[in-house]
1. Would you say Arg32 is modelled with pLDDT under 75, exposed (fewer than 10 other Cβ atoms within 10 Å of the Cβ) and not in a helix (DSSP H, G or I)?
2. Given the residues Leu15, Leu19, which is the only one that is at pLDDT 90 or above and in a helix (DSSP H, G or I)?
3. Take Thr53 and tell me if it is of a type in the set (Ser, Thr, Tyr), at pLDDT 70 or above and exposed (fewer than 10 other Cβ atoms within 10 Å of the Cβ).
4. In the stretch 3-10, is there at least one residue being aromatic (Phe, Trp, Tyr), at pLDDT 75 or above and open to solvent by 100 Å² or more (accessible area, probe 1.4 Å)?
5. Among the residues in the stretch 36-49, are any small (Gly, Ala, Ser), within 18 Å of the chain's Cα centre (by Cα) and at pLDDT below 85?
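The values are calculated or read from the model by the stated rules, or taken from the named source; none is laboratory data. This is a predicted model, so every value here is computed, not measured. Positions of Cβ are backbone-derived with ideal geometry, glycine not excepted, and every protein chain shown enters the neighbour counts. When the accessible area is computed, the model is the full protein with side chains, heavy atoms only, and any ligands, DNA or RNA have been set aside. Shrake-Rupley method; radii C 1.70, N 1.55, O 1.52, S 1.80 Å.
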Amino acid sequence: TRRIVGFKDEESEYLLKFLYDHISKGADFHVRANYAPGTLVLWDNRVTVHSATQDFSNASRRHATSAKP
């Protein structure tokens with residue numbers, strides 16, 4: 001996201017910085033899944049910021065897919 005349409009440039013920049021900081025520093029709303037055979041994790045990319053941490057064995061096969069609404 002580069003700017004919020006309908007806002008002045010400085011307002012858009014201020015609000016985006018606030019939102020990015022909120023996402024990156026908000027540890028109270030993070031989920032960490034522990035994968036085991038048969039584990040299924042779902043999220044909605046329209047309202048979720050997803051990131052994967054490379055701290056798992058490459059021997060474990062994982063699959064991700066995206067469905068368009």
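1. no
2. Unique residue meeting the criteria: Leu15.
3. The answer is no for Thr53.
4. Among the residues of the stretch 3-10, not one is aromatic (Phe, Trp, Tyr), at pLDDT 75 or above and open to solvent by 100 Å² or more (accessible area, probe 1.4 Å), which makes the answer no.
5. Taking the stretch 36-49 as the starting set, the residues that turn out to be small (Gly, Ala, Ser) are 36, 38.
Going one step further and asking which of them are within 18 Å of the chain's Cα centre (by Cα), we end up with none.
No; the residues of the stretch 36-49 include none that is small (Gly, Ala, Ser), within 18 Å of the chain's Cα centre (by Cα) and at pLDDT below 85.
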